[in-house]
Structure formats: C-alpha cells, structure tokens
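The numbers here are math on the coordinates, done by the rules we state, and not lab data. Since the structure is predicted, the reported quantities are computational estimates derived from the model, not experimental observations. Here the Cβ positions follow ideal geometry from the backbone for every residue, glycine too, while neighbour counts run over all protein chains shown.
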Amino acid sequence: MKKLKERIIKDGVILPGDILKVDSFLNHQLDPELLMEIALHFKEKFKHIDANKIVTIEASGIAPAVMLGYVMKLPVVFIKKKVPSTMQNMLVRDVRSFTKQRIYTVSISADYLTQDDRVIFIDDFLAYGNAARGVIDLCAQSGSTIEAMGFIIEKGFQGGGDELRHEGYEVVSLAIVDRIEDSKVIFRETDD
Ligand code: 5GP
C-alpha cells in the first residue's frame, strides 16, 4: 500500500534492535483517515474470505481491527494481554513479546471465540510470528478456524510471515520491510 509505505518513510523512526517506531500514526497517536484506507485495502484483499469475526490483540491492533470490522460489518474481539481475575471461561496461552523481550500470557473468553467462528486475525506488526502463533493456538483451543491474517507492517527479514505462508496460512501485509539499512527502511517489492 503506497500511501502507508510513504508514511512509514516520512514518520517511522528506527530504534536499536530492528524496532520500527510508528507512534505518530499507529502505535500512539492514530490517523483515522489512514486507518480507514488500511481497512478498505484489507477488505479488498479479503473479499474472497468467508469470515464471521475479526480477532486482534490489545492494544495497537484494536484501532485497525475496529475499522476493518466496520467496513466488513463483522464483530471484533480483542485478545487480552493478561488473564482478568473477574472473568471465567478464558482460553489462555503464553506468548514471547518481541519488543519487551519477555513472556506474557494472553487470553480470550471462550464466549467470544467458538467452534462456529471463522476468523480474520489483524495486528499492527508481524515480526517473528510469536503473537500470530499464540492466536493460532487460541483458535485451535476454541475450535474456530483462521481464514486469513492481516498485518499493517511486516518485518520480512524476521521471517515470521514467510513461515506462516509456507505453512499455508493466508497472510496479507500492507507494507513488508525487506531490510533496514543505515537507519532506512527498504521495502520488499510487491504488486501494489
Ligand atoms: P511477533 O510476535 O510477530 O514476533 O511480533 C509482533 C508483535 O510485536 C506485534 O504485536 C507488535 O506489537 C510487536 N512488534 C514487533 N516488532 C515491532 C516493531 O518493529 N515496532 C513495533 N512498534 N512493534 C513491534
């Protein structure tokens, strides 16, 4: 997605450890117009997918997931990054955090992810694929199916996306970073 790539080049900041900071439009301040265009792009890419639910992970996945849920007219559920003490019937799984370098426990209520669900998973970033693996496991626990996954930014050089594609998952990323050179982002060639 050309406009997204231009925005990453204009506003993205490279931090040590191959972290791309996009706080000015995605991870802290939000640009609703860009997010709506992102949602419309995902909708077009997923037009052949028969999903009935969007699933994401708090916090940064929620805004783009809600936009996509709105344009696709589908409900959105976000996976929690802890296990709430007040909730019962939770499906739980440990995930390694790329940015924080620690393990955290994610959870989702079995009331909102069931064997009747055909899921599109949305997240802000795809790096090594640990978060995606966690979601795959939660979907397996619930008996739901993952029909497709959509990421706004994929860091291709960290390999998670290609592994998932190789395993047969439909993975759509709107901007794939091929490498970071001299603090500059270089994108993988894609057809759009
Ligand atoms: P993965 O689980 O695929 O290794 O990493 C994806 C998760 O880590 C995303 O949910 C995202 O929050 C975070 N993440 C990974 N790389 C980056 C990055 O370069 N920048 C930001 N802002 N978040 C990242």
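Annotations
- Applying 1/(1 + (r/R0)^6) with r as the Cβ-Cβ distance of H48 and D137 and R0 = 30 angstrom yields a FRET efficiency of 0.70.
- Shape category assigned to the range 1-82 from the gyration tensor of Cα positions, a/c cut at 1.5: oblate
- With at most 15 other Cβ atoms within 10 Å, longest stretch of the chain clear of loop GluC sites (Glu not before Pro) (DSSP): 59-166
- Treating r as the C-beta distance of T114 and R165 and R0 as 30 Å, the FRET efficiency rounds to 0.65.
- Cα-projected label distance for E6 with S97, points at 7 Å along beta-carbon direction, nm: 3.5 nm
- A Cβ-based charge dipole, computed about the Cα centre of the range 106-192 with Lys and Arg at +1 and Asp and Glu at -1, lands at about 200 debye.
- Highest-fluctuation residue, K73, K47, K100 considered, GNM on the chain with Cα pairs under 10 Å: K100
- Spin-label pair D182/K73, simplified geometry with 7 Å Cα→Cβ offset, distance in nm: 5.1 nm
- Under the Karplus curve 6.51 cos²θ - 1.76 cosθ + 1.60, θ = phi - 60°, whole-Hz ³J(HN,Hα) for the range 120-137, x wherever Gly or Pro sits: 9, 8, 10, 8, 6, 10, 10, 10, 8, x, 5, 4, 4, 4, x, 5, 4, 5
- Averaging the sequence gap over all C-alpha pairs within less than 8 Å and six or more residues apart, then dividing by the number of residues, gives the chain a relative contact order of 18 percent.
- Amide hydrogen proximity for V77: with H placed 1.01 Å from N in the peptide plane, the residues at 5 or more positions away or on another chain lying under 5 Å are I54, V55, T56.
- Only Lys, Arg (+1) and Asp, Glu (-1) charged, at Cβ; the chain dipole about Cα centre in debye: 420 debye
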